[in-house]
1. What accessible area per residue comes out for the stretch 9-108, rounded to a whole number of Å², with a 1.4 Å probe?
2. DSSP loop (so not H, G, I, E, B), at most 10 other Cβ within 10 Å: list which chymotrypsin sites (Phe, Trp or Tyr not before Pro) in the stretch 198-301 pass both filters.
3. Which residues' amide hydrogens lie under 5 Å from the amide hydrogen of N151, considering only partners 5 or more residues apart or on another chain, with H built in the peptide plane?
4. How far is the Cα center of the stretch 12-59 from the Cα center of the stretch 63-108, in Å?
5. Which chymotrypsin sites (Phe, Trp or Tyr not before Pro) from the stretch 16-116 combine a DSSP loop assignment with at most 12 other Cβ atoms within 10 Å?
6. At 0.36 nm per residue, and after removing the present C-alpha to C-alpha distance, how many nm does the segment from S20 to N64 gain when stretched out fully?
7. Which is the longest part of the chain that has none of the GluC sites (Glu not before Pro) sitting in a DSSP loop with at most 14 other Cβ atoms within 10 Å?
8. Where both partners of a DSSP beta bridge lie in the chain, what percent of those bridges are antiparallel, to the nearest 5?
Amino acid sequence: MNYIRLSKKTLCVENISVQSLAKKYETPFYCYSLSQLKSNYNNFNNVFRKIKPLICFSVKSNSNITLLKELKKIGSGADVVSAGELLKAAKAGISSKKIVFSGVGKTEKEIKLAIQKKVLLVNMESESEAILINKISKKMSTITSVGLRLNPNVVGKTNKKISTGGKDDKFGVSYNDYIGLCKKISKMKNLKLEGLSVHIGSQITNIDPFKKVLKIINKIINKTNINFRFVDLGGGMGISYSNKDKKLNLNEYAQLVQKFIEDKKIKIIFEPGRFIAANTGILVSKVIYIKKNNNKIFVIL
């Protein structure tokens, strides 16, 4: 259900006219629908209910503290890629055991914070990062739970600027190097390799890339002796921006994932962002001037 819609030619958010809100509150402001946020999260959760995943909302998609608090109330974790996002998730009350720290460019300071907060997983992207986290963990006299991100060389049919799973992308470790690096990490005394992580991009509406990725992950699991506790499948599920846009068949994806884990003792992690937050809010502003330059009309907000 859409909670932001036109009603008798008047834009409404949960049956409250935006015009009345603009009279009550100083513009510009963001207006969010809590009902839409809950509906999106619960719909996603219901589709995957048989596999009982850990849903870690991608904070990069919307870091509004109030929204994070509301998502926490209905069971969401958080996927964070910076110290700021981690602190916001913690401030919202999200349990550290429901937070995964991802990102290709974590600083030493951010890694220390993630270890101090005892997040569920620090998802590593390279051998050099693994060496650094092991070194920091040793200095802090702790063993850090980590995941290793795979670059599966699978490209979703999406905008190339938001595609992250190709061989020339900066993210993750290639299939050919992955198993060897797993073996090296297993010998690092202050790391505990518990997760396999992957994310191939955003706004993907075709099921085929996800199908390919699951097959590749299966091969890796079968070729290693590592009992991964978690497989983090990231996000990237596309949404429709108009009636003409193709929609991802989420039920079909759920069936694929269910088949993938049926003979494994693995917890699935998802990191949806856009899928949960995109249609929950609007930016409300007022027209203050209209001006014409040559043949062009400018509307100033």
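The values are calculated or read from the model by the stated rules, or taken from the named source; none is laboratory data. Everything quoted here is computed from the prediction, not taken from an experiment. So basically every Cβ, Gly included, is an ideal-geometry build from the backbone, and we count neighbours across all protein chains shown. Areas reflect the complete protein model, heavy atoms only, side chains present, ligands, DNA and RNA absent. Shrake-Rupley method; radii C 1.70, N 1.55, O 1.52, S 1.80 Å.
1. Accessible area per residue, the stretch 9-108: 51 Å².
2. Answer in residue order: Y241.
3. Those lying under 5 Å, H to H, from N151 are V173, S174, Y175.
4. 18
5. Taking the stretch 16-116 and a limit of 12 other Cβ atoms within 10 Å, the loop chymotrypsin sites (Phe, Trp or Tyr not before Pro) found are Y25.
6. So the chain would gain 13.5 nm between S20 and N64.
7. Excluding the exposed sites themselves, the longest stretch runs over 27-261.
8. Antiparallel bridges: around 35 percent, rounded to the nearest 5.
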